[in-house]
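Let me begin by presenting the structure, written as structure tokens, before commenting on it.
Coordinate-derived values only; no laboratory data. In this text the structure is predicted, and so the values were computed from the model without any measurement. Cβ atoms come from the backbone with ideal geometry, glycine included; neighbour counts cover every protein chain shown.
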Amino acid sequence: MGTTTQNDPQAAKRRRALSVPGLLWLGGMGCVGAAVLLVHAGGILFVGSIIASLAPDLFLVGSVLLVVGVLWLFTNRLLLIVPVTIAIGIALGLNSRLPEAWRDLRTDWFSVKVAQKFSGQVGQRLAVPPTSLALAARRFAYATVRQHCRGEQCFATEGFRTLYPTLDREYWKETPASAALDFGFTLAREDEHAPTLQVTTTKEADLLVVTMELRNDEGRVLANGVARYRSSFSSEPIDEVTAETWRSSRLWWRYLLHANVVNRILGPWLAPTVSHPIRAFLRQATVLVSPQDRDFVATVVEQQTLASQRFDPPKILHGGGGRSERSMFFFDQSRNVRCKTLLRPESDGPVMQVWWLFVNDPSRQHKARVTGPLLCDPDAIWFFDYTSSRGHAILTKFDLQGNLLYRVSLKRPAEETFIREPSLHAIGGMLEFEWVTGTHSGHDFRVTAIDRVQVKEPSR
């Protein structure tokens, strides 16, 4: 009597072997199908963009499962399947970007060679040849098309778009002049003899190459640097705002292919680009010293207490919009308004991130950072700093032309202690002010102590 196939151990083994690839293919096709559906879910209010953001990774997982299913037909050895699966996942994650990724891996993205560091004071003149050169590139080289938000809050999306070169969060931008000013230099006039910064750009295959060179006032090369940037890939649309790339329904498959975890993880490693290359170059090639630097030694002065008040329960200073009891107690409006006539920002940007110029400075070389409150007297400008030195307040005094008069370090009675601005006055070589200690309570301030002190002004 013959043996039936149903009882054949070898046949059962073959069926079990085929069931594994079958499950992998089934799971892979399910993931790919779900990804294609989810990538179009952005129009669903509130949750749509989140759902759509899962699609690229789901598509990658499904693609890997399909390929591993084929691999399983040839071997079921896990020691071989696991590393091959990882390699396949990387290849499928990069997909059409593989040729560029191989070149990017061998590219020198940013390098600086310094023969001699240039040292000077903030405000040092620097010659920047007049040019309309404006640099811009992606902050993340391996970024891809993104969901197009419907409305400012992006509660829902509509189609996809390329990256916007006009958005700071997606593209960095700088010019040689703006980079030099931001670092602390003053631009030299054409007839002035000064160190020179030269910046040029070229194309190298599909990369933007930025070449930088710093020479001293005698023409000797002090440092040079090279930075490379990728802002697109050969098989993908360039980043621009056109009818084809703005809110396009035809870009969804590029989002599906490249917005996955492999690109997010490997991209910064394959193309570790440096944003704002000129500023990065100047940071390595030059040292400019400012009296407001954390490393600049401030004179620690002895404080003499003239009077003290303690409040139990605390004294409540009521706040709110506009002028209030709290603002009138802490804020010196007339001296603050005067600062607007004595200081001006050198460039556009947040108050505490740009340099401020002294209006009465004939040299145009004195500049300072706003580190906290400002007070301006008819003959002096005061800069407050509560963050540079823990447990101390740093007070920097300039004359109206921007010359440093002194910089003192004042030990604070407590971390929640501040100088009451209207109380600060310099009289006969002595500096008098009030320390106010307390806590914030909504719009109000609860004062627990006021100490009136005086210190001797350092001699110049």
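Across segment 102-174, the mean sequence separation of Cα contacts (distance under 8 Å, 6 or more residues apart), normalised by length, yields a relative contact order of 29 percent. The stretch between Glu432 and Glu170 holds 89.4 nm of extra length on full extension. This uses 0.36 nm per residue minus the Cα-Cα distance. Relative to one another, the C-alpha centroids of segment 74-98 and segment 155-191 are positioned 39 Å apart. Rg/Rh, computed from the Cα trace of the chain with Rh as the Kirkwood radius, has the value 1.14.
Counting only cysteine Cβ atoms and a cutoff under 4.7 Å, the chain contains unmatched residues Cys31. Of the DSSP H helices in the chain, those that are both long (alpha-carbon extent of 30 Å or more along the helix axis) and hydrophobic (Kyte-Doolittle mean at least -0.5) are 9-38, 48-72. Projecting label points 7 angstrom from Cα along Cα→Cβ for Lys117 and Lys340 puts them 4.1 nm apart. Cross-link check: pairs Lys397/Lys456; Lys367/Lys397; Lys315/Lys456; Lys117/Lys397 evaluated at a Cα-Cα cut-off of 22 Å; pairs beyond the cut-off: Lys315/Lys456; Lys117/Lys397. Each Cα pair under 8 Å and six or more residues apart adds its separation to the average, and for the chain the resulting relative contact order is 14 percent.
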